[in-house]
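The values are calculated or read from the model by the stated rules, or taken from the named source; none is laboratory data. All figures in this text were calculated on a predicted structure; none of them were measured in a lab. We place every Cβ from the backbone using ideal geometry, glycine too, and count neighbours over all the protein chains shown. Quick note on the areas: whole protein, heavy atoms, side chains included, nothing else; ligands and nucleic acids left out. Shrake-Rupley method; radii C 1.70, N 1.55, O 1.52, S 1.80 Å.
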Amino acid sequence: MIRENYTRIKEETGDDATIIAVTKYHTVEETLEAYDAGIRDFGENRPEGFREKREALPGDATVHFIGTLQSRKVKLIADDLYYLHSLDRESVAKKIEQYSDHTVKCFIQVNVSGEDSKHGLAPEDVPEFLDVLRDCGKIEVIGLMTMAPNTEDRLLIDDVFKRLSELKGKLSAENGGNIQISELSMGMSNDYDIALRHGATFVRIGSKIMGSR
Ligand SMILES: *Cc1c(COP(=O)(O)O)cnc(C)c1O
């Protein structure tokens with residue numbers, strides 16, 4: 001089933017976007033099945049799951065950290081952290097500086113919709129945060145990430161992805177040094193088609209590839 005799911009979604013995304021299979025609710029065995037189906041990018045949102053899947057997967061697989069990361073937990077995954085999709089706090093950046101021996105490709109998480117404002121920066125706060133990150137040699141900012149609001153309203157989701165894409169355009173004026181805003185991490189199982197229309201380059205898909213829990 002994983003193979004069929006992946007093949008179908010890959011046809012839809014073409015070469016435009018990297019498909020990340022989100023394995024957070026699935027076992028190591030199922031994750032290895034996804035690897036055998038040709039998937040090489042995986043997403044986890046907790047340090048424990050990240051470690052477990054990283055240790056089980058072959059070296060040519062990439063495990064992306066896609067969830068909120070507490071600064072005190074950075075050291076648990078720093079050795080194997082190459083892609084972080086949720087950077088929105090200086091405290092996490094400082095811990096990466098402290099514990100990583102390589103550069104980490106990071107997406108700035110933006111709270112476009114303004115709802116559940118717990119995670120992600122308001123769009124207007126991103127430039128100031130980028131200025132903080134310019135001094136962080138272990139951080140390489142590659143783009144922006146957002147979560148669509150949890151709604152059935154596809155027009156609202158469309159608007160959120162459109163606004164993240166427009167923000168990417170505006171922020172390109174900030175590019176330079178370790179800051180290069182060119183990628184968009186957006187779109188999950190129920191809305192990746194909308195995200196692709198707005199230029200997503202990384203889609204994070206759980207249930208539609210791995211099956212529901
Ligand atoms: C769980 C999760 C996903 C995937 O969700 P699905 O709806 O199963 O595709 C994507 N991104 C993040 C940050 C997640 O936590």
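Worth a mention:
- Kirkwood Rh, Cα atoms: Rg over Rh of segment 104-179: 1.00
- Per-peptide packing, taken as the mean over residues of other Cβ atoms within 10 Å, places 142-149, 120-127 in the sequence 142-149, 120-127 from highest down.
- Approximating the spin labels as points 7 Å out from Cα along Cα→Cβ, the V28-to-K162 distance works out to 4.7 nm.
- Amide proton proximity set for D88, modelled H, under 5 Å, gap of 5+: Q109
- For the pair segment 89-106 / segment 8-49, the C-alpha centres are spaced 24 Å from each other.
- In this structure the chain gives 48 Å² per residue of accessible area when probed at 1.4 Å with all protein chains present.
- Antiparallel DSSP beta bridges within the chain, as percent of all bridges there, nearest 5: 5
- Remark: segment 1-210 carries a charge dipole of roughly 360 debye about the Cα centre, counting +1 on each Lys and Arg Cβ and -1 on each Asp and Glu Cβ.
- Debye intensity ratio in log₁₀ form over the Cα atoms of segment 1-153, taken at each q of 0.09, 0.16 Å⁻¹: -0.31, -0.95
- q = 0.13, 0.21, 0.22 Å⁻¹: log10 I(q)/I(0) that the Debye formula gives for segment 86-213, counting C-alpha atoms only: -0.53, -1.20, -1.27
- Förster radius 35 Å - calculated FRET efficiency between A173 and D16 (Cβ-Cβ, nearest 0.05): 0.90
- Lysine pair number, Cα distance threshold 18 Å (strictly under), the chain, separation 8 or more or different chains: 21
- Shown for segment 23-112: the carbon plus sulfur share of the solvent-accessible area, taken with all protein chains present and a 1.4 angstrom probe, equals 44%.
- Virtual spin-label span in nm between Q98 and D153, 7 Å along Cα→Cβ: 4.1
- Placing a label point 7 Å from the Cα of D125 along the Cα-to-Cβ line, the residues of segment 75-113 whose backbone N sits under 20 Å from it are 84-96, 106-113.
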